[in-house]
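Asks: Let me give you the structure first, and then I'll get to my questions.
The values are calculated or read from the model by the stated rules, or taken from the named source; none is laboratory data. Computed from a predicted structure; not experimentally measured. All Cβ positions, glycine included, derive from the backbone under ideal geometry; neighbour counts span all protein chains shown.
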């Protein structure tokens, strides 16, 4: 059974102040939230938590969570997605999420396990920096915003990104849940 299913009680969300279920993964998310505010200089108002992307692929439905959306000057600058373990296995789905969470492509995506991080350029799909220090601080992000273009994807490309995200996150989770359930 994964640590996500081990409920440790309740805790207070650092960004929203709301009570949330306390799990090992939630503790890591709260650490990331503190890092973004205390070390990187973002205000709590800059960060949206728990944003869901509703997906419909073929005749199936699913929802994928984006842990954090960093918004500056009214535009989403970056998303941050947490997952335990390997970062490389989450790169493609994180890129798809950054391309789908807003009506435009969010320029940057961060994938992190709470200890390590990769900063991805959403347009190229490339890892442009590694390590938690690679996450731009608020002042750097504001300077970067000056030269950003917030592009929209074609309907065909959006459909492909939805399929990618659905496959990596929704179908993979369902398969894992079925396997886990069959063990008990």
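Asks: Hey, could you check segment 44-59 for residues that are free of Cβ contacts under 8 Å to residues at least 40 places away in the same chain and not in a strand (DSSP E or B) and say which is surrounded by the fewest Cβ atoms within 10 Å (Cβ to Cβ)?
Replies: The qualifying residue surrounded by the fewest Cβ atoms within 10 Å (Cβ to Cβ) is 59.
Asks: Any chance you could count how many residues in segment 105-119 are outside any loop (DSSP other than H, G, I, E, B) and touching a helix residue (DSSP H, G or I) at 6+ places or on another chain (Cβ under 6 Å)?
Replies: Qualifying residue count for the region: 4.
Asks: Can you tell me how many residues in segment 107-122 are in contact (Cβ under 8 Å) with a residue 40 or more places away in the chain, within 17 Å of residue 169 (Cβ to Cβ) and surrounded by 22 or more Cβ atoms within 10 Å (Cβ to Cβ)?
Replies: Selection size over segment 107-122: 1.
Residue-by-condition table, conditions (1) closer than 23 Å to residue 57 by Cα; (2) at pLDDT 95 or above:
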residue	(1), (2)
119	no, yes
122	yes, yes
126	no, yes
137	no, yes
170	yes, no
173	yes, no
180	no, no
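Here's the yes/no breakdown for (1) outside any strand (DSSP E or B); (2) over 17 Å from the mean Cα position of the chain (by Cα); (3) touching a residue at least 24 places away in the same chain (Cβ under 8 Å); (4) exposed (fewer than 15 other Cβ atoms within 10 Å of the Cβ):
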| residue | (1), (2), (3), (4) |
| --- | --- |
| 150 | yes, yes, yes, yes |
| 156 | yes, yes, no, yes |
| 159 | yes, yes, no, yes |
| 166 | yes, no, yes, no |
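Asks: Sticking with this one: Please find, within segment 74-91, the residue that is surrounded by the fewest Cβ atoms within 10 Å (Cβ to Cβ) out of those that are in contact with a helix residue (DSSP H, G or I) (Cβ under 6 Å, 6 or more places away or on another chain) and either in contact (Cβ under 8 Å) with a residue 40 or more places away in the chain or not in a strand (DSSP E or B) (or both).
Replies: First, pick out the residues of segment 74-91 that are in contact with a helix residue (DSSP H, G or I) (Cβ under 6 Å, 6 or more places away or on another chain): 77, 79, 81-83.
Within this subset, residues satisfying the condition of being either in contact (Cβ under 8 Å) with a residue 40 or more places away in the chain or not in a strand (DSSP E or B) (or both) are 77, 82-83.
Working: 77: 22, 82: 22, 83: 19.
Among residues in segment 74-91 that are in contact with a helix residue (DSSP H, G or I) (Cβ under 6 Å, 6 or more places away or on another chain) and either in contact (Cβ under 8 Å) with a residue 40 or more places away in the chain or not in a strand (DSSP E or B) (or both), the one surrounded by the fewest Cβ atoms within 10 Å (Cβ to Cβ) is 83.
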